[in-house]
Amino acid sequence: MSSPTSTIPDGEPVDPAPKPTRRTFTAEYRNKIIDEYNKAAHGEKSAVLRREGLHQSQLREWTLTRNAKADKRLLLVLDNCEHLVEVTAEISRTLLQTCPGLQILATSRERLSIAGETTIRVPSMSVPHLDRAVPLEGLRQYESVNLFTDRAVEAVPDFELTDDNKDAVAQICQRLDGLPLAIELAAVRLRAMSVQQLLDRLTDRYRLLTSGNRAAPSRQQTLRLSIDWSYELCTRQEKQLWTYLVVFAGSFDLDAVEAVCAGDLSSTDLLDLVASLVDKSILIRVDGGEVVRYRLLETLRDYGREKLQTKDRYEVLQRRHRDWYEQLVLHAEADWISPRQLKWITRLEQERFNVHRALRFCLSDANGPYAGMRIAAALLPFWLSRGLLSEGRLWLERVLAIRADEPTVDRAKALYMASVLAAMHGEIQVGSALLAEGHDICNSLENTSMYSSAGYAAGCISLYSHEPSRAIACFEKAIAGGREIEYTFCQIGSLLGIGLACMLQDHPADAVIWHETIRNVTERHGELVYRGRSSTSGGWGIWREGDPGRATAVLEQGLRLSRQVDDPVGFARSVQVLAWIKADRHHEDQAAVLLGATAGIWRDIGGLMASFLDGLTYQHQCERRVRSRLGDRKTQELMRKGRDMSIDEVAAYALGASRRAVRTQPDNIASSLTRRERQVADLVAEGLTNRMIASRLVISHRTAQGHVEHILSKLGFTSRSQIAAWVVSQVHNLNTD
């Protein structure tokens, strides 16, 4: 038999009553008033409250308390209470203190901030990534696509998700940030337009998405009213910061906010405002590194841009934004050849959209050309490390297309860097013209600070023109200039260029010497990208000297280093030379898979850099040997297998194939792990993250991360999934022995 409960007073309109008093009421008095209120006729209920000088909220609180005490265990749901956060928090605090069996589930855009509160952020629905093609069946795993499809069928009963409309649907869901209300409002529009028409008109989403459910609260009937609701719940300073943050693209950190948006605010005040916008779900906290980052949903960014009242204010923010990211990029360039290189690669990848926005502003700002040239030229090490040749060339061409008032060193440097990318794209004549213009500027200014850049650029043009002797001479000038002015990026890039040029001359012994030089220099500086890339010429040269086993070991190390810094260029080169060695050692099936894998990676990178090794005799000999042994059909099948692999899968295959081909003392692998490393490997196999492993073993997160890296190195693996598979195989072997 259930305990008796009382009815909570509803939202019936009543005459204004006195404010709730702070008198102390006995439980007997409270129960008497509740019963009298419940028994009163509909029109007499407000009279009960006026007579006793009570407010309706007090009666609600008393009723909840009595119900909770009567039922012992009670779940109270408070939905959409962000507009009454203070009142809700006060009532909740009182109820929880007096009702030990009560649990409260509150939905709000802002936390209540009371003792014992646990906050669970409800994220937007999952959306497809537009940087890769997703098959039709794969789209059904995304919540946003499923919601759009369901609501589209309600609007147009014969609607289907097909190969013809799937890309447009994916873009709609992505551009609407996976917001359920926005997606539902968009789907309703299919009554009058096609999916593609809907996508084309999303540039003005607030005007388009206005046909909601009439039975829903007004704030849920249009997208604008929904965002208006959130905006009006913010303080004046929170509204101002919201509108200022629209200057950022993608995610950003607190330092950037302070530099661009602070104005007269102190660091403490700004931090409080950022925290408040996070609490109110305006800003989304993005974890995943040493520094917390934030982002605005595109829908909220568009709204904030509308609210930013003056164009002048936005231009001021854009200029501050540009200046901040110019300094960031220049700092990264100066510190590139250092133990912090991997951190800079990660940071610039995170800031990529903001850097693009800064460059775009340079194209329109009257004082922007010089800043744009400095930013674009300084980004060359990053673009090369990520294989972003087309992106780098695009921006360098854009900033150089703006004719500056007078020639400057900044323009000369940008011309040299642009010539490097032109050469890597196979446009030697274009690269030579850019190089000559850079020389003219430096000569007219009588400036010698660009010797290293000029030599490196000239060396790259000669190398990709297959003129190795000339390339070596140019690179040697760059190395000398680099040593003189500490321009180590061009210096190390030129060391690598000499190694490759030596192999084009078929001088493997010289190539190996230069490989050792690069390794020593990069180890001394803590550099990783070119240490990994030098393995191509080093392993290639060692193989040509007759030591395929040692060559394979050098190339494997290059694979691991390139994966560590996510360098597709160095990775693909090492895999390609490894394929040559496999074919030479009569492992044609492995060679075919590796040839297909490199073809897939080079296809994504593009340019002459991609076909640089393809035109060599070694590549032709490898392909002929594979086809002769396997036949065309089998070769195409295995190459297709390689092309379809992800880079992680290629790494696992290449390293695994090497171990299968040269299997020495397999039973000693496990014994190479320390007792602690074996513990960590077992926990990795259980699916624990580094932080979870650290907690389980009572060690620091950094120590746990170090153990995992040692395990990967000792086992020759590149991913945690390989560790897990290895642990399982070890257990299986023990059980079958």
Q: Would you list which lysines come within 23 Å of Lys32, measuring only between C-alpha atoms, while excluding same-chain residues fewer than 8 positions from it?
A: Lys19, Lys45, Lys69, Lys72
Q | Gained length - Arg305 relative to Asp440, 0.36 nm times residue gap less alpha-carbon distance | A | 44.2 nm
Q.
Beyond a 23 Å Cα-Cα separation, which of these cross-linked pairs lie in this structure: Lys166/Lys641; Lys413/Lys477; Lys239/Lys280; Lys166/Lys280; Lys343/Lys413?
A. Lys166/Lys641; Lys166/Lys280; Lys343/Lys413
Q: Any lysines with Cα under 18 Å of the Lys634 Cα? List them, leaving off those in the same chain fewer than 8 positions away.
A: Lys582
**Q.** Ranking of Ser574, Ser266, Ser449 by count of other Cβ atoms within 10 Å, fewest first
**A.** Ser266, Ser449, Ser574
Q: Determine the principal axes of the Cα atoms in region 248-297, then give the extent along each, sorted from largest to smallest and rounded to whole angstroms.
A: 29, 21, 20
Q. How much length is gained on full extension from Ser465 to Glu154, taking 0.36 nm per residue of separation minus their Cα-Cα distance?
A. 105.9 nm
Q | Virtual spin-label span in nm between Asp279 and Glu298, 7 Å along Cα→Cβ | A | 3.1 nm
**Q.** Per-pair calculated FRET efficiency, R0 = 56 Å: Arg627 and Asp365 via Cβ, rounded to 0.05
**A.** 0.50
Q: Before anything else, pin down the relative contact order of region 506-661: Cα pairs under 8 Å, at least 6 apart, normalised by residue count, whole percent.
A: 19 percent
Q.
Just to be sure I understand the model, the point goes 7 Å from the Cα along the line to the Cβ. What's the resulting Glu397 to Gln197 distance in nm?
A. 3.6 nm
Q. How would you order 500-506, 184-190, 458-464 from highest to lowest mean count of nearby Cβ atoms within 10 Å?
A. 458-464, 184-190, 500-506
Q: May I ask you to compute the full-extension gain from Thr119 to Ser266, defined as 0.36 nm times their residue separation minus their alpha-carbon distance, rounded to one decimal in nm?
A: 50.1 nm
Q.
Averaged across orientations, what area in nm² does the convex hull of the alpha carbons in region 261-418 project?
A. 11.0 nm²
Q. Which aspartates and glutamates have a Cα lying under 13 Å from the Cα of Lys307, excluding residues fewer than 8 positions away in the same chain?
A. Asp228, Glu232, Glu238
(Q) Give me Val153, Val569 sorted ascending by neighbouring Cβ count inside 10 Å, so fewest comes first. (A) Val153, Val569
Q | Per-peptide average of other Cβ atoms within 10 Å, ordering 364-371, 301-308 highest first | A | 301-308, 364-371
Q | Cβ-Cβ FRET estimate between Gln237 and Asp644, R0 fixed at 56 Å, reported to 0.05 | A | 0.60
(Q) Restricting to Cα pairs below 8 Å that are 6+ residues apart, what does the relative contact order work out to for region 256-378? Please round to a whole percent. (A) 21 percent
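Every number here is computed from the coordinates shown, using simple stated rules; none is lab data. Everything numeric in this text was worked out from a predicted model, so none of it was measured. Cβ atoms come from the backbone with ideal geometry, glycine included; neighbour counts cover every protein chain shown.
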